[in-house]
Structures are given as structure tokens and as C-alpha cells.
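Down below is the structure, laid out as C-alpha cells.
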Amino acid sequence: MLYFANPCGPEVVAAMKLGQHLGYIDTPRQGNVRPSDVFWCADNGAFSKNFDETQWLKFLERNAEDQVLCAFATAPDVVGDAVETLKRSASWYQPVRELGYKVALVGQDGLESLEIPWDEFDAFFIGGSTEWKLGSHAREIAQAAQGRGKWVHMGRVNSYKRARYAASIGCDSVDGTYLTYGPRVNLPKLLSWMERINATV
């Protein structure tokens with residue numbers, strides 16, 4: 001399992017370049033320069049009130065030459081609302097794929113009650129509220145996605161306990177802001193988490 005993070009200093013970038021436990025998460029408004037030759041994922045930043053779908057697509061277009069190293073690009077979603085997320089994402093699956101990316105559906109609260117368009121996306125991103133993310137519905141959908149050969153990812157993972165849980169339900173990757181605060185202290189801890197988790201999966 002990989003942990004997608006921000007490049008919080010040279011030690012973090014060096015760890016990302018090794019490609020064993022760390023990757024890079026990029027968004028349209030992040031403002032960082034993604035290190036070359038690192039495995040990464042493209043989040044959409046739709047949680048922001050200022051989210052602009054046109055700018056997001058331009059971001060993907062600018063970075064399309066690096067899509068080979070990109071695990072997935074998330075289709076636009078609506079935080080906490082699976083119905084609106086499916087509506088919003090529907091028109092974006094094909095444009096993202098045409099740029100060469102694997103496209104991810106972001107799971108939100110209530111998805112378990114809806115028809116999931118499995119053939120339209122390549123990766124399943126577990127989003128939603130903390131309660132939903134860690135509940136049985138998200139776990140069952142994640143395992144169904146894994147059974148269909150799709151990449152499974154969990155967002156907002158900032159503890160060993162949650163990372164271990166994500167691995168236990170079949171996640172291929174997680175992301176979080178753990179390294180943003182005190183990267184020199186937290187990087188060794190995070191790498192230790194990932195070594196222990198990857199040794200048991």
C-alpha cells in the first residue's frame with residue numbers, strides 16, 4: 001500500500017523517489033511543483049467552495065504527459081452526497097480517460113443505496129464522512145471494487161490505526177496531511193507504519 005502525500009521538504013521528496021511507500025498527491029490549486037519521476041495521483045479539490053471544473057480539466061491537460069505514473073484522477077464529486085456525486089461525475093469519465101488517465105469515482109455517503117456504474121471508472125476513492133468511510137457500506141463497496149480489479153484508495157488517513165484499517169479492507173493507497181506538520185519528525189514514523197503494514201499484506 002502507498003501513502004500519497006505532499007512534498008514537505010527534501011527528505012520527503014527523496015522518499016517519494018524511492019517509490020516504496022510514498023507517492024505524491026496533486027491538486028489544481030496546490031501550488032507545489034511535483035517532483036519528476038514519482039508515482040502520483042490527481043485529486044480534484046472539489047471540496048473547495050471555489051472549485052472550477054474547467055480549471056481542473058486544464059490541470060489534467062497540463063500534466064497529461066505524466067499520466068503513465070498517475071494511479072488515478074478523481075472525477076468531480078460532492079462531499080457527503082453520493083446522489084449528486086454520481087450526477088456530477090458522469091460527464092467526466094470519458095474526457096479524463098481520453099487524456100490517458102485512469103479515472104476514479106469518489107465514494108460518498110449513501111452510495112450503497114444507488115446503482116454503481118462499475119464500467120465507467122477504473123478506481124474507487126473512499127471519501128465521505130468519517131462515519132461512512134469507516135463503516136460497513138464503504139468496506140463492502142471497496143471490496144466489490146477490488147474484486148473487479150479496480151484500484152482502491154482511502155482519503156484523509158493520518159494515523160497508523162486508520163492506515164492499517166485501510167490496508168485490511170484492500171486499499172492499494174491512502175492519502176493524508178500527516179507529513180505537513182513536522183515532516184522531519186513524522187516522516188520516519190510514517191515510513192515505519194507503511195513498512196509494518198506492507199509486511200503483513
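Quick look at the values:
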| read-out | value |
| --- | --- |
| Selection count, the stretch 114-130, where residues are in contact (Cβ under 8 Å) with a residue 12 or more places away in the chain, assigned to a helix (DSSP H, G or I) and surrounded by fewer than 15 Cβ atoms within 10 Å (Cβ to Cβ) | 2 |
| Hits in the stretch 131-150 (condition: in contact (Cβ under 8 Å) with a residue 24 or more places away in the chain, assigned to a loop (DSSP other than H, G, I, E, B) and farther than 12 Å from Ala166 by Cβ) | Arg148, Lys150 |
| Members of the stretch 87-110 that are crowded, with 16+ Cβ neighbours inside 10 Å and either farther than 18 Å from Asp43 by Cβ or at pLDDT below 95 (or both) | Asp109, Gly110 |
| Residue in the stretch 143-156 that is at pLDDT 95 or above, surrounded by 13 or more Cβ atoms within 10 Å (Cβ to Cβ) and more than 16 Å from Leu105 (Cβ to Cβ) present | yes |
| Enumeration of residues in the stretch 11-36 that are within 18 Å of the chain's Cα centre (by Cα) and polar (S, T, N, Q) | Gln20, Thr27, Gln30, Asn32 |
| Cross-chain or 6+ apart pairs with Cβ under 6 Å, the stretch 55-78 first and in contact (Cβ under 8 Å) with a residue 40 or more places away in the chain, then assigned to a loop (DSSP other than H, G, I, E, B) | Leu60/Leu99; Phe72/Lys102; Thr74/Asp43; Thr74/Asn44; Ala75/Trp92; Asp77/Ala46 |
| Residues of the stretch 173-201 satisfying the condition of being of a type in the set (A, V, I, L, M, F, W, C) and part of a loop (DSSP other than H, G, I, E, B) | Ala199, Val201 |
| Tabulated pairs, the stretch 22-42, first under 18 Å from Thr74 (Cα atoms) and polar (S, T, N, Q), second at pLDDT 95 or above and part of a loop (DSSP other than H, G, I, E, B), C-beta under 6 angstrom, 6+ apart or interchain | Thr27/Asp43 |
| Selection from the stretch 2-47 of residues that are under 15 Å from Thr177 (Cα atoms), acidic (Asp, Glu) and in a loop (DSSP other than H, G, I, E, B) | Asp43 |
| The stretch 191-201, subset out of contact with any His (no Cβ under 8 Å at 6 or more places or on another chain) and closer than 16 Å to Lys161 by Cβ, residue surrounded by the fewest Cβ atoms within 10 Å (Cβ to Cβ) | Thr200 |
| Top-ranked residue in the stretch 37-86 [being loosely packed, with under 15 Cβ neighbours inside 10 Å and among the polar types (S, T, N, Q); ranked as nearest to the chain's Cα centre (by Cα)] | Ser48 |
| Any hit, the stretch 47-70, residues being among the aromatic types (Phe, Trp, Tyr) and in contact with a Cys (Cβ under 9 Å, 6 or more places away or on another chain) | no |
| Number of the condition not met by Ile25 [criteria: (1) at pLDDT 95 or above; (2) loosely packed, with under 15 Cβ neighbours inside 10 Å] | (2) |
| Unmet criterion (only one of (1) of a type in the set (Asp, Glu); (2) over 16 Å from Val78 (Cβ atoms); (3) free of Cβ contacts under 8 Å to residues at least 40 places away in the same chain) for Asp109 | (2) |
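The values are calculated or read from the model by the stated rules, or taken from the named source; none is laboratory data. What you see is a predicted model, and the numbers here were worked out from it, not measured in a lab. FYI the Cβ positions are ideal-geometry reconstructions off the backbone, even for glycines, and counts take in every protein chain you see.
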